[in-house]
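Q: Attaching a single structure in structure tokens format; questions to follow.
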Amino acid sequence: MRISFNWLRELVDVSSPEDAALRLTMAGLAVDSVCKVDDDYILDFDLTSNRPDALSHYGIARELAALLGVKARLPQLRPAEQAVAVSKLTSVEITSPRLCPRYCARVILDVEVGPSPEWLVRRLERLGQRSINNIADVTNFVLLEQGHPLHAFDFDCLRGRRIVVRTATEGEQIKTLDGVERRLSAGMLVIADAEVPVAIAGIMGGEHSAISNTTRNVLLESAYFLPSSVRKTARALGMSTEASYRFERGADPEACLRAIDRCAQLIQEIAGGQVAKGVIDVRPEVLLPTQIELRLDRIKALTGLELEPEQVEAVLTRLGFSVEVLFKGARWLVLPPSYRTDIHIEEDLIEEIARHVGYDRIPSVLPLTDGAGSYLEHEESRRKCRNALVANGYFETISFSWVKPELDMRFRPEGWQPISISNPIDEERPIMRTSLLTGLLEAVSRNFSYGVRNVKLFEFGRVYRQSVGRPDEFERLALAATGEAWPNDWSRHEEIDFYIFKGTVETLLESIGYSDYKFSSLATGFLHPTRAASIVVAGQAVGVFGQLATQLCEVFKFKQPVFVCELNLDRLFSLTVGRIVYRPLAKLQAVSRDFSFLVSRSAVYAEIESAVMSLGIPELVAVSLVDVYKGGGIPEDQISLCLSVKFQPQAESLTDEQLAEYDRSIIELLQMRFGARLRDK
């Protein structure tokens, strides 16, 4: 909003534009710039939406006067009225009092419409307004001066010479001042004459009743409209005007008479005419501000300011608040002025006091607290996951929660229904995600488009499901990896494969204390049929991982294998973490025994390892797969596995007889359970 310093100085005594800009900015009414224009200075304000009272020269002058400890001045309102009463000329009827609690009207007869005087044209143009004619220019002048929108009708064009404030009927039409024919919806508030709408309330007048060079008699409107009604209508019609900008934020219902009298006076001075006696003031509802209780100790608690009661009362009084003492020096009952539509609760009053006492006086100290900080539930586990992944070269990413349906459906759990967004930000993404993999793979795709082929990403986030009543939310952790496993190690040039990615998943689980986990085969539509696994912890499935299916690689246009994992954190974190038990370092040498077996290609190594560990041999501490061989000399339906079994004695060394007995137990078990055959050395 632009303010003329010369105009401002007519309303309040201020030394310089720089001084005014500094004081107002420090009080929360930010001045972005001060520019010299001829013999004037223009102050450009960046006002917050809760300060409609400051959207005028008088509003700024009122605020500045409170800062300077002086009083703002308004021109004397003395329209010279004629003997004919306005009630004899016209009438006003309000059929929607909730949407229009007050409507004032004046009639001016025998005006002479023409160009505005030079001083008025210059003042409007400096503030970005173009001159139209002397009648319209005066209404714009009063708007800029006092902040209250007005409208002037050609009185002779009003059918029935009367005003009806009502809601439009469905499909009713009006051609507005900008020359556009607009179709109205039921419920939109309009200003009508005896037959048809002549203005859209609080937004723009109609072309039929506009002031023209042939106008002789004028009806002035000054009203208060419900902000939400003006906002809703303006958005629906795609309109934004100086009037709607102010009405949407909340005009002053008590300013109606003052603004219409000022406008009538100026029209009479500039365009001549006779002002009919009196004002039609229809007020079916009186809007009164709510009294608010203010406590001195609450001011100190919120701001840290040590203020005397007299200081509090002085600030509020200068700002136009009515102050009643409830308990001397401790509590007050405060009534905001009608133009401060942003003041509703005690904290609003405290902000006003802090602004005018000075934000710089608020002490820079941390508030005292008796509480101790703590992590949110499971936050420690999340941090361990994050640290483990970062240590393995992964980068965290954050995706939008809304996704493309055609991609989301490929990862959607069976039986889930997505949540549709009623007013989506992006029309291509009208639903909430049911999996994190959609956004994560789009991030991989963006990396590929920039020529990055080694990608490791992870994301913590929530997925959503339609449910009866309130939608369901679930926490997930997803991983995606492709390219070289160790791109920064010159000595290792291995590509990420299923087993390397499986190692990352194992590291992740072990980082948060889960050792009782296993992997089982899995058939799912978005993973490769032979390179996919389900993650089972303490007997419960908590996630899946594997290589992305070929058909999905084609959808995302991936030209290299991509591996993904998604963990159900709600389920995983609900499981009991195994205790870490200290064991002293063994004093005796460990013994390793290697075995080469021929087994069926359908055998699962995890089951072989689990079976060996279940033998209950006290000294048996580890089983590992050393080598896999499928070459010559091996039947096509079989595979050769080389196992290394580690024994760790504790009290005394193992004898050859004990080791031979352990070897026999392992060989017999594998022969019976898996049909394994020991290979010759």
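Q: Based on alpha-carbon atoms only, what is the radius of gyration of the range 379-574 relative to the globular estimate 2.2 N^0.38 Å?
A: Dividing the Cα radius of gyration by 2.2 N^0.38 Å gives 1.01.
Q: Express the relative contact order of the range 454-611 as a whole percentage, based on alpha carbon pairs under 8 Å and six or more residues apart in sequence.
A: 20 percent
Q: Quick check: convex hull over the Cα atoms of the chain, volume per residue in Å³, rounded to an integer?
A: Roughly 263 Å³ of hull volume per residue.
Q: Moving to a separate point now. Sorted from fewest to most neighbouring beta carbons within 10 Å, what does the list 303, 215, 25 look like?
A: Listed from fewest to most nearby Cβ atoms, that is 25, 303, 215.
Q: Within a 10 angstrom radius of the beta carbon, how do 486, 332, 119, 402 rank from fewest other beta carbons to most?
A: Ranked by crowding around the Cβ, least crowded first: 119, 486, 402, 332.
Q: Only Cα pairs under 8 Å and at least 6 apart count here; give the relative contact order of the range 428-475 as a rounded whole percent.
A: 35 percent
Q: Can you list the aspartates and glutamates whose alpha carbon sits under 17 Å from that of residue 456, skipping same-chain ones fewer than 8 residues off?
A: The reachable aspartates and glutamates, counting only those whose Cα sits under 17 Å from residue 456, are 396, 442, 484, 489, 494, 495, 497, 506, 566.
Q: Using a basic spin-label model with each label point 7 Å from the Cα along Cα→Cβ, how many nm lie between residue 361 and residue 628?
A: 7.7 nm
Q: With contacts defined as alpha carbon pairs under 8 Å and 6 or more residues apart, what's the relative contact order of the chain in percent?
A: That works out to 9 percent.
Q: Right, next: Report the calculated FRET efficiency for residue 214 and residue 293 (r = Cβ-Cβ distance, R0 = 56 Å), to the nearest 0.05.
A: Efficiency for this residue pair is about 0.45.
Q: Relative to the present Cα-Cα distance, how much length would full extension add between residue 15 and residue 423 at 0.36 nm per residue of separation?
A: 141.8 nm
Q: Also: Between residue 450 and residue 590, take the C-beta separation as r, use R0 = 51 Å, and let me know the FRET efficiency to the nearest 0.05.
A: Step by step, r from the Cβ atoms, then E = 0.55.
Q: How many nm separate the modelled label positions at residue 390 and residue 669, each set 7 Å beyond the Cα in the direction of the Cβ?
A: Inter-label distance under the simple model: 4.1 nm.
Q: Moving on to the next point. So in the range 81-282, what percent of DSSP beta bridges are antiparallel if you round to the nearest 5?
A: 85 percent
Q: Another question, if that's okay. Pick out the long, greasy-scoring helices in the chain: whole DSSP H runs spanning 24 Å or more along their own axis by Cα, mean Kyte-Doolittle at least -0.5.
A: Going by DSSP H runs, the hits are 656-674.
Q: What's the extension gain from residue 488 to residue 346 if we count 0.36 nm per residue and subtract their Cα-Cα distance?
A: 45.2 nm
Q: While we're here: DSSP loop (so not H, G, I, E, B), at most 16 other Cβ within 10 Å: list which chymotrypsin sites (Phe, Trp or Tyr not before Pro) in the range 485-531 pass both filters.
A: Within the range 485-531, the qualifying chymotrypsin sites (Phe, Trp or Tyr not before Pro) (loop, at most 16 other Cβ atoms within 10 Å) are 490.
Q: Same structure, new question: Quick check on the exposure proxy: order 446, 123, 355 from fewest to most C-beta atoms within 10 angstrom.
A: 446, 355, 123
Q: How far is it, in nm, from the label point at residue 302 to the one at residue 327 when both lie 7 Å from their Cα along the line to the Cβ?
A: Roughly 1.8 nm, to one decimal.
Q: Shape of the range 194-265 from its Cα gyration tensor (a ≥ b ≥ c, root eigenvalues): rounded if a/c is under 1.5, otherwise prolate when a/b > b/c, or oblate?
A: Here the range 194-265 falls in the oblate category.
Q: Same structure, new question: For the chain, what does the helix formula give at 222 nm: sum of -39500 (n - 2.57) over DSSP H segments with n ≥ 4, over the residue count, nearest 500 deg cm²/dmol?
A: -9000 deg cm²/dmol
Q: Please give me, ordered by residue number, the GluC sites (Glu not before Pro) of the range 233-323 that lie in loop per DSSP and have at most 11 other Cβ atoms within 10 Å.
A: Qualifying residues, ordered by number: 306.
Q: If each residue of separation counts as 0.36 nm, what is the full-extension length gain between residue 87 and residue 380 once their alpha-carbon separation is subtracted?
A: 97.9 nm
Q: Mind checking which lysines have their Cα closer than 18 Å to the Cα of residue 88? Skip sequence neighbours fewer than 8 apart in that chain.
A: 277
Q: As an exercise, use a Förster radius of 51 Å and the Cβ-Cβ distance of residue 499 and residue 470 to find the FRET efficiency, rounded to the nearest 0.05.
A: The calculated FRET efficiency here is 0.75.
Bear in mind that the values in this text are calculations on the coordinates, not laboratory data. Since the model is a prediction, treat every value here as computed from it, not as a measurement. Positions of Cβ are backbone-derived with ideal geometry, glycine not excepted, and every protein chain shown enters the neighbour counts.
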